[in-house]
Structures are given as structure tokens and as C-alpha cells.
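Please read the structure below before turning to the comments.
Quick note: the coordinates plus some simple rules give every number you see, no bench work behind them. Just so it is clear, the model here is predicted, and its values are computed rather than measured. We place every Cβ from the backbone using ideal geometry, glycine too, and count neighbours over all the protein chains shown.
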DNA sequence: CACAATTAAATTGTACGCAAGTGAATTTTG
DNA sequence: CAAAATTCACTTGCGTACAATTTAATTGTG
């Protein structure tokens, strides 16, 4: 509510357009990223969301499903079947926690661990495809981070 | 290719972390946008991709399926069932073009047309939720545009 | 200790997103 | 003009996303 009289509170047409353009730009760029990654990830038999799960595991080691979900902002309805596929591919193990049997601990198999090196090279290619300087990438990433934080807190009164 | 020796060209471990990844920032922000829009769109019975189709039609009038796909970067495998749902909701019509019977022309029904005003007001809330200045929004939009262009042209040697 | 409330994961149902394939209409070529 | 190539939309199959429900385990409370 940062505006003036709130009377008819006309938001300039321009702002509406921009906001729509921005949300579409984010939407379309996300798809473009997925498509750019696809030929590379196809070679190792991963989808893009599966790759994100692997990133989390490479970085943080074994984790319960819930924590993976918090990292990626995904719920168990998405993760459960996805993790089952990664398990069938032989890249991860899923073991029920003995201390708390509600939890399932996800960890890398040797093959899953080994894939890290393979992929490492691959990530470089995408960075170059993006065709941005490191500084631009960092700037954009930080802006998106803030934007996402704001949207998350929006509530919006459903 | 703006780097030093390209020899082993080690990417620092730091840059590989999830939070440092631009691709993840885009991916997660896209989901955040969809979630922010959801409570609003629920009231009028639209999904976010359906809203994007309506935006195109409000802006450009009746269009063949192919053109809608070009605008939104979606193929007919996605659009065909989506458009069928919009038709069942009574918001659009689909009529096979008499001049070229391969094409299906999509147009708004009176109800679909009327929804434009309804939504327009409501959408203002999202712009404010984003919590960015106009300048930041424009900057981000332009950066994402360029990024998307680069990724699209990547090819990547599938 | 029993019993309600909470939590974690999985399941169900709906809707994208996209690759691959089908079928009908149009355009290109020989 | 007929055969081949192309185009457009639709369909099929797989893998996300996510709301809502279910099941099992743990925690909180009396």
C-alpha cells in the first residue's frame, strides 16, 4: 500500500504490463533452461528436477525427504515418485530412519556419487550457453531471490 | 569464453552450490509466481497457464493455435488439452478455419472477453506483492529476455 | 499410560510440459 | 496434375507440480 489517495487508485497501465511481462519472462526462461539442460541430462538419464535433487545430495550428503523438499521448494507429492525413479536408476538409496520411522533418509549410491564428476564438466557448458558475465548472473540471481521472497510472503488472502 | 587458460578451468566449489545457481533461482521463482497467482485465479477458475493464454487473446484477439504457441513458447501437445478445458469453461471458442482446414482459430466468448476487466483489477495485487520498483522489474525482464534468447540458441549438440 | 494432536511420506486426482507419432489438409515438385 | 514433402492440430505416454487425503509414527497432554 505504498500509494497516494487509494481513491480509485489507478495503477498505471504500464505497471500492469510490466508485471505481466516479468512473470511471463520468468515462466518462459524456466522452460528455456529446462530445454537447454535436456540434451546434456539425457546423456546421463536425468530429468532437470532429478538433477536438482542430485545437486542437493552432492552438496549436503544424505538427507530426509522433507529437507530435500525445503531446499527445492517441492512437496512429497512431487518428490516421492521422483525419488522412486532415482532409486530405480540406481543413483540413490532410500532407507527408513531407525530413530524416527516416519522419515526416509535419502543417500547417494556409489554410482550417484560418481556422477558428480561427470556432471561437473557439463555445468560449464550451460554457463557458457547463458552468455552472461558472472556478475550479471549474480545480479539476476539475487534479484530473483528477493522477488521470490516477496512473492512467498504475499499471502494474498486466498 | 572470457576466461584465462581454459586448461582445467576449475569452477570454484562455491559456484556450484544450489543457491548460487541461476537456473535454480529462475525455476523456483517461476513456481513462486504460480503460487502467488493461484488464490486469485482460483476465484475465476483459471490455472496460471490458462491465464497466459487469456492474456494473449485479450491482447491480440482471435488467433490460430500455432500463434498462441509461438507467443507462449508452448507446443500443441500442451495447448490442445488446455484449450479444450478453456472451451468447456465457456471462455473461448475453437473454430476450424474455412480457408485452411488444418488450422483451428481460437477466439473469446463474451464471458471470456468480460473476464478481462475482472482480472485486471485483481492482478494489481501481484505487482505490489513483487515489491520491486518499476525500474527493477524492467531490468529483470530485459535480462531474462536476453538470457532466454541465449539459451534458446544454445543447441548444445543433442 | 491412554489419547488427541502433530508430523513425515506416500497416494490420488487434476493439470501442465514435451517428445513422438497420427491423420488430414495444403504446398511443393517433378 | 499426381506424388512427395510439409504443416497443423490432436493424441499418447512419461514426468513433474500440487492440493487433498491416507497411513503410520511420534509427541504432547491429562
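Calculation over all alpha carbon pairs of the stretch B:18-78 in 5 angstrom steps from 0 returns a P(r) of 4, 16, 20, 18, 20, 13, 6, 2, 1 percent.
Can you put B:54, A:143 in order of Cβ neighbours within 10 angstrom, beginning with the fewest? Can you show the working numbers first?
Numbers: B:54 22, A:143 19.
The fewest-first ordering by Cβ neighbours comes to A:143, B:54.
The angle separating the long axis of helix A:13-44 from the principal Cα axis of greatest extent in chain A is about 20 degrees. Axis of helix A:110-130 versus longest Cα principal axis of chain A: the two differ by about 30°, to the nearest ten degrees. Axis angle, to the nearest 10 degrees, between helix B:76-88 and the longest C-alpha principal axis of chain B: 40 degrees.
Counting, for every residue in A:132-140, the Cβ atoms of other protein chains within 10 Å of its Cβ and taking the mean gives 4. Its residues counted as N, the stretch A:45-90 yields a C-alpha radius of gyration over 2.2 N^0.38 Å of 1.02. Largest GNM mean-square fluctuation among A:94, A:60, A:17, using chain A with Cα springs under 10 Å: A:17.
Write down the Kirkwood hydrodynamic radius of the stretch B:79-157, to one decimal in angstroms, obtained as one divided by the mean of 1/r over all alpha carbon pairs.
On the way: mean 1/r = 0.0611 Å⁻¹.
Answer for the stretch B:79-157: a Kirkwood hydrodynamic radius of 16.4 Å.
Once C-alpha pairs closer than 8 Å and six or more residues apart are averaged by separation and normalised to the residue number of chain A, the relative contact order reads 15 percent. Look at A:20, B:84 and count the other Cβ atoms within 10 Å of each Cβ; fewest to most, that gives B:84, A:20.
Using only alpha carbons, the stretch A:1-152 has a radius of gyration to Kirkwood radius ratio (Rg to Rh) of 1.08. Relative to its residue count, the protein assembly as shown spans a Cα convex hull of 173 Å³ per residue.
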